[in-house]
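The values are calculated or read from the model by the stated rules, or taken from the named source; none is laboratory data. This one's a predicted model, so the numbers in the text were calculated from it and none came from an experiment. For neighbour counting, all protein chains shown are included, and Cβ atoms are generated from backbone atoms with ideal geometry for every residue, glycine included. Note: areas computed on protein heavy atoms with side chains; ligands, DNA, RNA excluded. Shrake-Rupley method; radii C 1.70, N 1.55, O 1.52, S 1.80 Å.
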Amino acid sequence: MIRRTRAAQVAAPSLPSAGEALRLDGVVKKYGTGASATVALRGVDLVLAPGSFTAIMGPSGSGKSTLLHAAAGLDSPTSGSVRLGGTEISGLRAAQRTRFRRDHVGFVFQAYNLLPALTVEQNVALPLMLGERAVEPAWLDFLISSVGLVEQRRRLPSALSGGQQQRVAIARALVTRPHVVFADEPTGALDSRAGQQVLDLLAHTTRELDQTVVMVTHDPVVAAHADRVIFLADGAFAGHLDGASAAQITQYLTGLGDW
Ligand SMILES: Nc1ncnc2c1ncn2[C@@H]1O[C@H](COP(=O)(O)OP(=O)(O)OP(=O)(O)O)[C@@H](O)[C@H]1O
Ligand SMILES: [Mg+2]
């Protein structure tokens, strides 16, 4: 499914010069105030190198989605700093943050979120169109071919399988050459074969395009595709594993107790 032959013809995404795709310092997120306040993140520090593939795991309510949303600029932390590709985004006003996100951040959600009236190639190009940026035909061709959808490029999402739709969403997430692609349970709605293709594709983009990817998952088999697995518990880091197998991840989770 993954074609490598054309990679040399298209420039790799530009990388942040600082050597850090994402940096979180002391990120705290509280929801609500007073006695009913929930502290969802309790001072999280995190640095991701360009081209790294990281999975985040943790029990329900441990703060995974909150962390992803704060890191991606979908929400601002109560305190602490978030730097994406060298830009401090936690201090940006909402409109600036939205623009930064559209131009420099990629998202893949469990529920593909494609626009049903647009073709595959129009969906992939959409973030560039919204940002009034030029669509380089060679880059668009490269992405569509990388996700294995050349024959489907003029079809509507309704004519695609779930796995194909998620691959469109991945091409769309990559089209702006973002600092980081954030994926929240990207294989949650797919059967294991389609899920495997999506994971191979995400791992491929980190290796071949030097794309930084962060993925939240509950599944040790899914997390084992990442270079590093970070464990969250009660809004704080509870450890990490590098290059771990699904069995090692499961064993680690068991050791952490009530997951
Ligand atoms: N908008 C909100 N308002 C109030 N509390 C919230 C809000 N969003 C999340 N929380 C709380 O913050 C904590 C962390 O939630 P979060 O959604 O980040 O967990 P999660 O690890 O993603 O869980 P899951 O695996 O179920 O998706 C939880 O206690 C949750 O109830
Ligand atoms: Mg969540």
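Taking the options Val47, Val27, name whichever one is assigned to a strand (DSSP E or B) and either among the hydroxyl-bearing types (Ser, Thr, Tyr) or surrounded by fewer than 16 Cβ atoms within 10 Å (Cβ to Cβ) (or both). Explain how you work it out, then say what you get.
Details: Val27 fails: either among the hydroxyl-bearing types (Ser, Thr, Tyr) or surrounded by fewer than 16 Cβ atoms within 10 Å (Cβ to Cβ) (or both).
Answer to the selection: Val47.
When Asp234 is tested against (1) closer than 20 Å to Glu121 by Cα; (2) touching a residue at least 24 places away in the same chain (Cβ under 8 Å), only condition (1) is not met. Residue check: Tyr112 meets all listed conditions (1) touching a Pro at 6+ places or on another chain (Cβ under 9 Å); (2) at pLDDT 95 or above but one, namely (2). Scanning the stretch 142-183 for residues that are touching a Leu at 6+ places or on another chain (Cβ under 6 Å) and within 16 Å of ligand 1 (Cβ to nearest atom) turns up just one, Phe182. Within the stretch 141-156, can you find the residues that are of a type outside the set (Gly, Ala, Ser) and either open to solvent by 10 Å² or more (accessible area, probe 1.4 Å) or over 20 Å from Gln196 (Cα atoms) (or both)? Correct list: Asp141, Phe142, Val150, Glu151, Gln152, Arg153, Arg154, Arg155, Leu156.
For every residue, the table says whether it meets (1) away from ligand 2 (no atom under 16 Å from the Cβ); (2) within 25 Å of Ala244 (Cβ to Cβ); (3) modelled with pLDDT of 95 or more.
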site: Glu20; (1), (2), (3): yes, yes, no
site: Ala35; (1), (2), (3): yes, no, no
site: Ala40; (1), (2), (3): no, no, yes
site: Ala49; (1), (2), (3): yes, yes, no
site: Ala55; (1), (2), (3): no, yes, yes
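In the stretch 207-222, what residues are touching an Asp or Glu at 6+ places or on another chain (Cβ under 9 Å) and surrounded by fewer than 21 Cβ atoms within 10 Å (Cβ to Cβ)?
Hits for the stretch 207-222 are His218, Asp219.
Here the stretch 100-124 is the region considered, the condition is being open to solvent by less than 40 Å² (accessible area, probe 1.4 Å) and more than 18 Å from the chain's Cα centre (by Cα), and the residue that is farthest from Leu22 (Cα to Cα) is Thr119. Tallying residues that are touching a residue at least 60 places away in the same chain (Cβ under 8 Å) and open to solvent by 10 Å² or more (accessible area, probe 1.4 Å) within the stretch 188-202 yields 4.
When Leu256 is tested against (1) within 20 Å of the chain's Cα centre (by Cα); (2) open to solvent by 10 Å² or more (accessible area, probe 1.4 Å), just one condition goes unmet, and that condition is (1). In the stretch 67-99, which residues are open to solvent by 20 Å² or more (accessible area, probe 1.4 Å) and within 16 Å of ligand 2 (Cβ to nearest atom)? Those that are open to solvent by 20 Å² or more (accessible area, probe 1.4 Å) and within 16 Å of ligand 2 (Cβ to nearest atom): His69, Leu74, Asp75. Does Ile249 count as within 16 Å of the chain's Cα centre (by Cα), open to solvent by less than 30 Å² (accessible area, probe 1.4 Å) and farther than 26 Å from Ser146 by Cβ? The answer is no for Ile249.
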